[in-house]
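Each value in this text was obtained by applying a stated rule to the coordinates, not by laboratory testing. Just so it is clear, the model here is predicted, and its values are computed rather than measured. Don't worry about glycine lacking a Cβ; one is built from the backbone with ideal geometry, like all the others, and counts go over all protein chains shown.
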Amino acid sequence: MSMRVAQAIVAKDLRTEVRSRSAVSTVLPFAATMLLAFGFALGPDRLLLAETAPALLWLAALFASVELCHRSYQHEAANDALEGLLLSPADKGAVYLGKAAAAFVQLIVLLVVTTGIVIVLFGLPVGPAPALLLLTGVLGIAGLSTLGSLLGLLAVRSRSRQAALPVLVLPLVSPVIIAATRATADLTHGITAGIGGWLGLLVAFDAAYLAAGYIVFGHLLED
Amino acid sequence: MTAPQRAAARLSRVTRLFDGLAAVSQVSLEIAQGETVWLRGWNGSGKTTLLRLIATAISPTFGDGSVLGFDLRAERSAIRARTDLLSHETRLYGDLTAAENLRFACSLYDIDARLAEPALERVGLEEVAAVRVGRYSQGMRQRLALARCLMRAPALVLLDEPYAALDADARVVVDELLTTARAGRRTAVVASHEAPPAHLIDREVMMDGGRVTAPAGVVPS
C-alpha cells in the first residue's frame with residue numbers, strides 16, 4: 001500500500017504542476033531573472049563569470065526549491081486537503097516520499113533549464129566528466145527536495161507561514177549547497193581528484209534528510 | 001429500533017483547549033454503534049471541535065476516549081481507516097478532476113478505484129466527472145465529498161453542517177447517505193443547525209459553551 005500511496009502523491013503533484021504551471025510561471029522566471037541579474041552585475045569578464053557560475057547555479061536551485069516546496073504545500077492547504085492526508089490511514093512516510101519524489105522531478109527539470117542558461121550566459125564548461133556532473137546534479141537536487149518537502153510542511157503548519165520556510169531550510173541545506181557547488185566547480189574545471197569526498201557528503205546528507213523526513217513527517221502532520 | 005451493543009464513540013471528560021480557551025470542555029459522551037445522532041448547538045458551541053476530536057483530526061488536551069473500540073490517542077490510524085469527517089472544507093484538489101480526486105482517495109484508503117464511477121453517479125456528477133474541481137460550485141464540491149464518503153462506506157460518518165450550501169437535490173444525497181448508514185448499521189453524527197429529517201435520527205445531543213447540555217449517553221465516572 002505504501003508504494004501505491006507514494007505513486008499516487010507523485011502523480012497528483014505532477015499533474016497539479018502541469019495544470020497550474022506554478023513552477024513554469026513563477027519559479028523558473030525567478031531563477032532565470034536571478035541568474036541574469038548576477039550575470040549583468042558581474043560584468044563581461046568570462047573568467048569571473050565561469051568561476052562564479054557553479055555557486056549561482058546552486059543558489060538559483062536553492063531559492064527555486066524553497067518556492068516550489070512552498071507552493072506544493074499551498075496546494076495541499078487549499079480546501080484543507082492536507083487534513084485529508086492526515087485523516088487517511090495511509091502511511092505518512094509514504095506520503096512524504098511521494099512529495100519528495102515529485103519535488104525532485106520538478107527540480108531536476110528546473111536544474112536542466114537553469115544549467116542551460118548558465119552554460120550560455122556564463123560560459124560554464126561541462127568539463128571532462130559529464131556523468132559525474134550529472135550525478136552531482138541528481139544528488140544535490142535530492143538533498144534540496146528531501147529537506148524542502150519536510151520543511152515545507154512545517155512552514156505551512158506554522159503561523160508565520162511562508163516566512164518560516166527559508167529560515168528553516170537555509171541553515172540545514174548549507175552542507176548540500178556547499179558540497180554541490182564545490183563538486184560542480186571542480187568538475188567544470190576538469191578536476192576529478194577528491195570529487196568522491198563531495199559526492200559522499202551529498203549522499204550522506206541526502207540519506208539523513210530522507211530518513212528524517214520519513215520518520216518525522218507523520219508527527220509534523222499531526223495536530 | 002433495537003438497542004445497539006457496542007459504543008461507536010465513547011468520550012470521557014474530554015477537553016480541548018485552543019490558546020488556553022476551552023472549545024470543548026469536560027465532555028463525556030457515548031454514541032452507540034448503528035445510532036444516528038443529531039448534534040445541536042449554536043455557532044461556537046463546540047460541535048465542530050467535538051467532531052474533529054472524534055475523527056482524530058485534533059487531539060484532546062485532557063480526557064480520553066475510544067472510537068469504534070480504538071483508543072483516541074494511541075490507535076488513530078485504525079480510527080481513520082473506519083471514519084469519515086465531512087465538513088465545508090471538502091479536502092479536494094482544485095486542479096484535479098472529480099474522477100481523479102476520487103481515484104486519489106482510493107489510493108490513500110487502499111480501496112478499489114472502480115468504485116469511483118458509481119459513487120459519482122450516485123451524487124449526480126457523472127457528466128462532469130472530467131471537469132476540474134476548481135471550476136465546481138461549493139455545492140458540487142460538497143456532492144463530490146459525499147461521493148467520496150459513499151465510496152468508502154466508513155463505519156462512522158461525521159457530518160459537519162452537511163446541509164449548508166446544498167441545493168434540494170444534494171440534500172437528498174445527504175439524506176440518502178444517512179439512510180444507507182442506518183441500513184448498514186453504521187453510525188452517523190450530524191452536527192447541524194438545521195434539523196435532519198426526524199425519521200433518520202435516533203437521538204439529539206445539545207451542546208452549549210463547549211459542553212454537552214442535553215441528553216447524552218454519559219460515561220459513568
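Assorted remarks:
- Here the extension length gained between A:Arg19 and A:Asp45 equals 5.3 nm, from 0.36 nm per residue of separation less the Cα-Cα distance.
- Placing +1 on the Cβ of every Lys and Arg and -1 on the Cβ of every Asp and Glu, with nothing else charged, gives chain B a dipole about its Cα centre of roughly 480 debye.
- Kyte-Doolittle mean at least 0.0, axial Cα span of 30 Å or more - DSSP H helices of chain B: none
- The range B:142-221, relative contact order in percent, only Cα pairs under 8 angstrom and at least six apart counted: 28 percent
- The range A:2-221, dipole about Cα centre (Lys/Arg Cβ +1, Asp/Glu Cβ -1), debye to the nearest 20: 380 debye
- Counts of other chain beta carbons within 10 angstrom of each beta carbon in peptide A:8-17 average 4.
- Taking amide hydrogens as placed 1.01 Å from N in the peptide plane, the amide H of B:Asp208 sits under 5 Å from those of B:Thr213, each at least 5 positions away in sequence or on another chain.
- One compactness figure for the range B:104-195 is 1.05, namely its Cα radius of gyration divided by 2.2 N^0.38 Å.
- For chain B, the square roots of the Cα gyration tensor eigenvalues, ordered a ≥ b ≥ c, give a/c of at least 1.5 with a/b greater than b/c, which places it in the prolate category.
- Here r is the Cβ-Cβ distance between A:Val105 and B:Thr61 and R0 is 41 Å; the resulting FRET efficiency, rounded to 0.05, is 0.50.
- Positive-end extreme of charge dipole, the range A:2-221 - chosen from A:Ala11, A:Thr181, A:Cys69 (charges on Cβ): A:Ala11
- Cubic angstrom per residue, convex hull over Cα atoms of the range A:90-223: 103 Å³
- Where labels lie 7 Å past Cα in the beta-carbon direction, separation of A:Ala37 and B:Asp167 in nm: 4.9 nm
- Where a label projected 7 Å from the Cα of A:Ala78 along Cα→Cβ would reach, residues of the range A:1-15 with amide N under 16 Å: A:12-15
- For chain A: relative contact order, % (alpha-carbon pairs under 8 angstrom, 6 or more apart): 28 percent
- B:Asp202 versus B:Trp42: modelled label distance in nm, points set 7 Å from Cα along the beta carbon direction: 3.0 nm
- With R₀ set to 51 Å, the beta-carbon distance separating B:Val131 from A:Ile191 gives a calculated FRET efficiency near 0.40.
- Per-residue ellipticity at 222 nm, computed for chain A from helices alone with -39500 (n - 2.57) per DSSP H run of at least four residues, works out to -29000 deg cm²/dmol.
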